[in-house]
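*Asks:* Starting off with a structure, shown below.
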Amino acid sequence: MYRRYLPTLTLKKQQLQAEIRTVEAKAEAVRKERENLEKGFGSWIAVFSEKDAFPDGIIKVSNIRKGTGNIAGVAIPVYEGADFSRGDYDLYETPLWVDIAANHMEKAISLDLEAEVLDEQVRLLEAELLSTSQRVNLFEKVKIPETEENIRKISIYMADQQVSAVVRSKISKRKIAARGDTSSGAEVYSL
């Protein structure tokens, strides 16, 4: 039974390792995109320093949409997007670039949220990988050798019992044969 279950566990371990690498690569790509977006903010830094140009609370995350996925039996969160709400500001007194900057900031926040969800996926997958690796090692290094040793002991015991049964039957046969010779020729067997 252990030998039948071990390949399934080994396959799950390999799948988890591959998925972790995939999710880590995806998280790295999201961080790289966020970094590139941040470099684009470099040209906006000067205008952010204008007094009251960028009102506080202009961008708020109103909802983070997450779904659930399943990788090798592990329930993981999946980032599906975020909803933002814009604060009220006077269109006549606020510079034109505020809307463009707010869009860039929403994109940056969205990328940060996606990276957080991907990090959570990696954390959950690594925890399952640890558990699966422990099971694989338990089977390979403890349970299978232990079971093989027990089977060997049982086989030796059964062989000893079989030899003992054969010896007992031969002894019984000899005793019966000896009794038959000593009786007066009558073939009466009593047990």
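The values are calculated or read from the model by the stated rules, or taken from the named source; none is laboratory data. Just so it is clear, the model here is predicted, and its values are computed rather than measured. Heads up, the Cβs are rebuilt from the backbone with ideal geometry, glycines too, and the neighbour counts pull from every protein chain shown.
*Asks:* For the structure I just gave you, tell me whether residue 69 is out of contact with any strand residue (DSSP E or B) (no Cβ under 9 Å at 6 or more places or on another chain) and either surrounded by fewer than 10 Cβ atoms within 10 Å (Cβ to Cβ) or at pLDDT 70 or above (or both).
*Replies:* no
*Asks:* What number of residues within the stretch 1-13 are closer than 22 Å to residue 120 by Cβ and out of contact with any helix residue (DSSP H, G or I) (no Cβ under 9 Å at 6 or more places or on another chain)?
*Replies:* Total meeting the criteria: 0.
*Asks:* Could you check, for the stretch 136-156, whether at least one of its residues is touching a Leu at 6+ places or on another chain (Cβ under 6 Å) and surrounded by 12 or more Cβ atoms within 10 Å (Cβ to Cβ)?
*Replies:* yes
*Asks:* I'd like the residue in the stretch 72-88 that is loosely packed, with under 15 Cβ neighbours inside 10 Å and of a type in the set (Gly, Ala, Ser) and, out of all such residues, is farthest from residue 119 (Cα to Cα).
*Replies:* The qualifying residue farthest from residue 119 (Cα to Cα) is 87.
*Asks:* Still on this structure, please answer the following. For the stretch 67-89, give me each residue that is small (Gly, Ala, Ser) and either assigned to a loop (DSSP other than H, G, I, E, B) or in contact with a Ser or Thr (Cβ under 8 Å, 6 or more places away or on another chain) (or both).
*Replies:* Passing the criteria: 72, 73, 75, 81, 82, 85, 87.
*Asks:* Which one of the conditions (1) at pLDDT below 85; (2) in contact with a helix residue (DSSP H, G or I) (Cβ under 8 Å, 6 or more places away or on another chain); (3) assigned to a helix (DSSP H, G or I) does residue 99 fail to meet, given that it meets all the rest?
*Replies:* The failed condition is (2).
*Asks:* Report yes if residue 147 is modelled with pLDDT of 90 or more, β-branched (Val, Ile, Thr) and either out of contact with any strand residue (DSSP E or B) (no Cβ under 8 Å at 6 or more places or on another chain) or not in a helix (DSSP H, G or I) (or both), otherwise no.
*Replies:* In short, no.
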